Amino acid sequence: MDSETFSRACRLVRAEASVAFAGLVHRGFGLPEQTGFYPRVRAEREEPWLLGIDFWMTLDEGGDYRTEWSREAPFELGAAAAITRQEGPDLIRYWKRYVLYASRPYDVALRVLATDVIAVAEVIESWTEQTIVGTGERVAIRQTSRAR
C-alpha cells in the first residue's frame, strides 16, 4: 500500500471510529492524535493508572503489516492497563490485556463500535491494582544510568 493510501485509510478510520470513541470522554479518556502510519484509533486515561483502548487494523497471517486497505479489512478492539512502579532498584511495569475481538471486518465492527468500546472500558475499569499486578505480565523496564 502506498503512503497516500495509508494516509487516506488512517483519516477515514479516525473520522468514522472517533464518533464511537467520543463516548469515552465523559469517563475521563482522551483521544490522542494518531501516530504512525497504520489505521488505528486510541483512547487513553492516566488515572488511577494507565488505561488504553485500541481499535486497529490487525496484522496479516504472517504477523506483518497489511499492504491492502478495504472496508472488509480485519480490525481488533482491545485494551490494556499498565501500572509502573519502583521495586527496589528496578522499574517494573505490570501490564494486563483484554481483547474483545481480533479479526472483525471493519464495516461490521463499526456498526456496534460505540457499544463495544464502552463494554471494553467497563472491563478494564473494573480491574483493581491487585488484579493487574497479580494476573498481568511483569516486565522489567531497563533504566539507563541517566534515568536513575
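Some notes on this structure:
- Cβ-Cβ under 6 Å pairs, at least 6 apart or on other chains, the range 36-48 side more than 21 Å from A73 (Cβ to Cβ), far side of a type outside the set (D, E, K, R) and assigned to a strand (DSSP E or B): E44/G30; E44/G52; R45/L51
- Test: V123 is in contact (Cβ under 8 Å) with a residue 40 or more places away in the chain and surrounded by fewer than 17 Cβ atoms within 10 Å (Cβ to Cβ): yes
- Leading residue by the ranking (farthest from Q130 (Cα to Cα)) among those in the range 73-96 that are among the charged types (D, E, K, R) and touching a residue at least 40 places away in the same chain (Cβ under 8 Å): D90
- Exactly one residue among R97, R148, R138, R93 is part of a strand (DSSP E or B) and either surrounded by 15 or more Cβ atoms within 10 Å (Cβ to Cβ) or at pLDDT below 95 (or both), and that residue is R93.
- Of the criteria (1) surrounded by fewer than 18 Cβ atoms within 10 Å (Cβ to Cβ); (2) aliphatic (A, V, I, L, M); (3) in a helix (DSSP H, G or I); (4) under 17 Å from the mean Cα position of the chain (by Cα), which one L12 fails: (4)
- Which listed residue, of A109, A114, A73, A140, is touching a Gly at 6+ places or on another chain (Cβ under 6 Å) and more than 18 Å from P48 (Cβ to Cβ): A114
- Lone unmet requirement of (1) closer than 19 Å to A43 by Cα; (2) in a strand (DSSP E or B) for S103: (1)
- Taking the criterion of being in contact with a Pro (Cβ under 7 Å, 6 or more places away or on another chain) and not aliphatic (A, V, I, L, M), the residues of the range 10-47 that qualify are C10, R42, E44.
- Hits in the range 1-29 - residues which are under 16 Å from E122 (Cα atoms) and either in contact with a strand residue (DSSP E or B) (Cβ under 9 Å, 6 or more places away or on another chain) or modelled with pLDDT under 90 (or both): A20, F21, L24, V25, R27, G28, F29
- Scanning the range 101-120 for residues that are among the charged types (D, E, K, R) and surrounded by 15 or more Cβ atoms within 10 Å (Cβ to Cβ) turns up R104, D116.
- Here the range 49-79 is the region considered, the condition is being farther than 23 Å from R111 by Cα and at pLDDT below 90, and the residue that is farthest from the chain's Cα centre (by Cα) is T67.
- Residues of the range 25-51 that turn out to be part of a loop (DSSP other than H, G, I, E, B) and either exposed (fewer than 11 other Cβ atoms within 10 Å of the Cβ) or not polar (S, T, N, Q) (or both), as a count: 14
- Single residue of F75, F55 found to be of a type outside the set (A, V, I, L, M), crowded, with 17+ Cβ neighbours inside 10 Å, out of contact with any Pro (no Cβ under 8 Å at 6 or more places or on another chain) and closer than 25 Å to E122 by Cβ: F55
The values are calculated or read from the model by the stated rules, or taken from the named source; none is laboratory data. Every value quoted in this text rests on a predicted model; they were computed, and no experiment measured them. As a convention, Cβ positions derive from the backbone with ideal geometry for all residues, glycine included, and neighbour counts pool all protein chains shown.
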